[in-house]
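Quick note: the coordinates plus some simple rules give every number you see, no bench work behind them. Because the structure is a prediction, the values reported are computed rather than measured. Glycine gets a Cβ as well: all are built from the backbone with ideal geometry, and neighbour counts include every protein chain shown.
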Amino acid sequence: MAVFNQVEFDNHEQVVFCSDEQSGLKAIIAVHSTALGPAVGGCRLWNYATDDEAIVDVLRLSKGMTYKNAVARLPFGGGKSVIIGDAKSIKSEELFRAFGRHLERLGGSYYSAEDVNITTGDVMMMHKETNYVLGLEGKSGNPSPYTALGTFLGIKAALQHKRGNQDIKGLKVAVQGLGAVAYGLCKHLHEAGAELFVTDINQASIDRVVTEFGATAVGIDEIYDLDVDVYAPCALGATLNDNTIPRIKAKIIAGCANNQLAASRHGDILRDNNVLYAPDYVINAGGIINVYYETNPEGYNEAKSIKHVEGIYDTLLEIFKRADEENKSTHHIADELAREIIANGL
């Protein structure tokens with residue numbers, strides 16, 4: 001596998017392959033940029049079909065973190081890590097401590113944190129071997145509620161731009177994926193009066209949201225065909241592609257998943273279809289913003305964190321406005337904004 005020839009390789013500073021025979025650890029760490037500070041981004045545990053699939057994911061995710069941290073005005077660069085395997089069978093203290101030792105060897109160029117299938121408890125086990133982890137219990141803790149809050153505010157920003165008001169009551173929202181962040185998003189939407197249509201590969205997750213929030217469950221593939229106001233991609237990436245975009249009736253796409261566009265051109269297609277797309281790494285930055293406030297010398301401050309997360313609303317309004325003024329898709333404007341901040345500093 002030739003990393004340098006991967007389409008997703010973007011002059012990453014480091015790509016590190018990690019293994020530990022005793023624990024069974026197989027992991028990849030990608031440091032995209034340290035221009036604004038040490039690379040920070042979560043660790044994802046996923047049962048990738050191939051090593052190439054894992055490489056593509058970690059390369060895309062780490063670049064996304066560079067842009068996410070820049071647009072969120074955080075003094076962090078971008079990085080990401082993936083552990084390869086089935087979360088139901090490979091988790092162990094030995095595995096996470098082995099991964100922590102690999103983090104320690106990087107000497108602080110990359111800080112890891114919670115992501116898909118990784119809990120704060122798992123991060124605490126990594127912490128037994130390294131200080132280069134964030135989102136610790138007793139400090140900023142679980143980032144999911146803050147990512148959910150930022151995504152909810154992002155939907156409100158999209159409504160304000162598209163419709164001239166933020167009214168959620170009666171809004172029909174299709175939520176694809178019901179992990180920890182999406183559950184929090186559904187809670188916010190339900191409390192604001194939205195009508196929810198949901199799907200997930202985990203039946204228990206569906207049942208919980210149906211029971212607690214009165215959501216309507218639909219099939220995995222059916223989610224794209226619903227006549228709704230907002231489509232919220234909250235599962236894994238690339239769900240906006242040649243096959244799905246022609247089926248989506250929603251005029252706002254705003255969710256918490258990473259890498260929602262299968263390719264950049266799909267963002268252009270959405271604009272051509274008069275669909276307002278909230279760039280994923282902008283709308284889902286609440287978690288990493290909250291983690292940042294763990295690093296403050298005076299200690300974690302939730303009030304300051306929430307105020308910063310609330311700024312996602314204004315950032316998205318700025319991006320939407322610039323996209324209209326410059327006749328460009330929103331994801332291009334977000335990328336340009338990120339590159340401006342990286343070049344000029346915070």
With +1 on the Cβ of every Lys and Arg and -1 on the Cβ of every Asp and Glu, the dipole magnitude of the chain about its Cα centre, in debye rounded to the nearest 20, is 540 debye
Could you calculate the FRET efficiency of N131 with Q14 from 1/(1 + (r/R0)^6), where r is the beta carbon distance between them and R0 is 30 Å, rounded to 0.05?
0.95
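What is the dipole size for segment 144-344, taken about its Cα centre, with +1 at each Lys and Arg Cβ and -1 at each Asp and Glu Cβ, in debye to the nearest 20?
On the way: 18 positive and 27 negative charges, 51 e Å.
Computed about the Cα centre, the dipole is about 240 debye.
For C256, C18, which order do you get if you count the other beta carbons within 10 Å of each Cβ and list the fewest first? Walk me through the numbers before you get to the answer.
Values: C256 30, C18 18.
Arranged by neighbour count, lowest to highest, C256, C18 become C18, C256.
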Going 7 Å from the Cα of D52 toward and past its Cβ, which residues in segment 1-42 have a backbone nitrogen under 15 Å from where you end up?
1-9
Could you give the distance between the Cα centres of segment 81-159 and segment 231-290, to the whole Å?
24 Å
Among 27-33, 314-320, 77-83, 47-53, how do they line up by average Cβ neighbours within 10 Å per residue, starting with the highest?
77-83, 27-33, 314-320, 47-53
Per-residue ³J(HN,Hα) for segment 63-80, Karplus 6.51 cos²θ - 1.76 cosθ + 1.60, θ = phi - 60°, Hz, x for Gly and Pro:
5, x, 5, 4, 6, 4, 5, 5, 5, 7, 6, 10, x, 10, x, x, x, 7
Total charge of the residues flanking F152 in space, meaning their Cβ is under 10 Å from its Cβ, with Lys and Arg +1 and Asp and Glu -1, is +1
For D86, what charge total do you get from the other residues with a beta carbon under 14 Å from its beta carbon, if Lys and Arg give +1 and Asp and Glu give -1?
+4
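Would you mind calculating the relative contact order of the chain from Cα pairs under 8 angstrom and at least 6 residues apart, reporting the percent as a whole number?
Working: 739 pairs, mean separation 55.1, N = 346.
Relative contact order, the chain: 16 percent.
Given the Cα-Cα distance of E191 and R163 and 0.36 nm per residue of separation, how much length would full extension add, in nm?
Working it through step by step, the gained length comes to 8.0 nm.
Order the peptides 213-222, 131-140 from the highest to the lowest mean number of other Cβ atoms within 10 Å of their residues. Mind dumping the intermediate values first?
Values: 213-222: 14.3, 131-140: 19.2.
Highest-to-lowest ranking by the protection proxy: 131-140, 213-222.
Give me the net charge for the shell around T244: Cβ to Cβ below 13 angstrom, other residues only, Lys and Arg +1, Asp and Glu -1. List each step's numbers first, then the result.
Details: positive: R247, K249; negative: D221, E222, D225, D242.
Summing Lys and Arg as +1 and Asp and Glu as -1 gives -2.
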Only one of the values [x] 0.97; [y] 1.07; [z] 0.95 was calculated from this structure for Rg/Rh (Cα atoms, Kirkwood Rh); name its label.
[z]
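Ranking E302, E129 by Cβ neighbours within 10 Å, fewest first, what do you get?
Fewest to most other Cβ atoms nearby, the residues stand as E302, E129.
Return a whole-number percent for the relative contact order of segment 144-344, with Cα pairs under 8 Å and 6 or more residues apart as the contact set.
Details: 368 pairs, mean separation 45.7, N = 201.
It comes to 23 percent, rounded to a whole number.
Take T66, T239 and order them by how many other Cβ atoms sit within 10 Å, fewest up front.
Values: T66 29, T239 24.
Placing the least packed residue first, the sequence is T239, T66.
In Å³ and rounded to a whole number, note down the convex hull volume per residue for the Cα atoms of segment 144-344.
119 Å³
Treat every Asp and Glu Cβ in segment 12-131 as -1 and every Lys and Arg Cβ as +1, leave all other atoms uncharged, and give the resulting dipole magnitude about the Cα centre to the nearest 20 debye. Numbers along the way, then the final one.
On the way: 13 positive and 15 negative charges, 87 e Å.
I would put it at about 420 debye.
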May I ask which residue of A158, Y146, G311 lies farthest towards the positive end of the charge dipole of segment 144-344, with charges of +1 (Lys, Arg) and -1 (Asp, Glu) on Cβ and the Cα centre as origin?
A158
On a 25 Å Cα-Cα criterion, which of the cross-link pairs K91/K304; K156/K187; K88/K128 come out too long?
K91/K304
Just to be sure I understand: of the beta bridges DSSP finds with both ends in the chain, what percent are antiparallel, rounded to 5?
35 percent
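Run lengths n ≥ 4 of DSSP H only: what is the helix-derived mean residue ellipticity at 222 nm for the chain, with -39500 (n - 2.57) per run over all residues, to the nearest 500?
Details: 12 runs with 149 residues, N = 346.
That calculation yields -13500 deg cm²/dmol at 222 nm.
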Under a GNM of the chain (C-alpha, springs under 10 Å), which listed residue has the highest mean-square fluctuation: Q203, Q176, Q14?
Q203
Simple SL model, points at 7 angstrom along Cα→Cβ for D324 and E340; separation in nm is 1.7 nm
Charge dipole (segment 144-344, unit charges on Cβ, about Cα centre) - positive-most of A194, I342, T239
A194
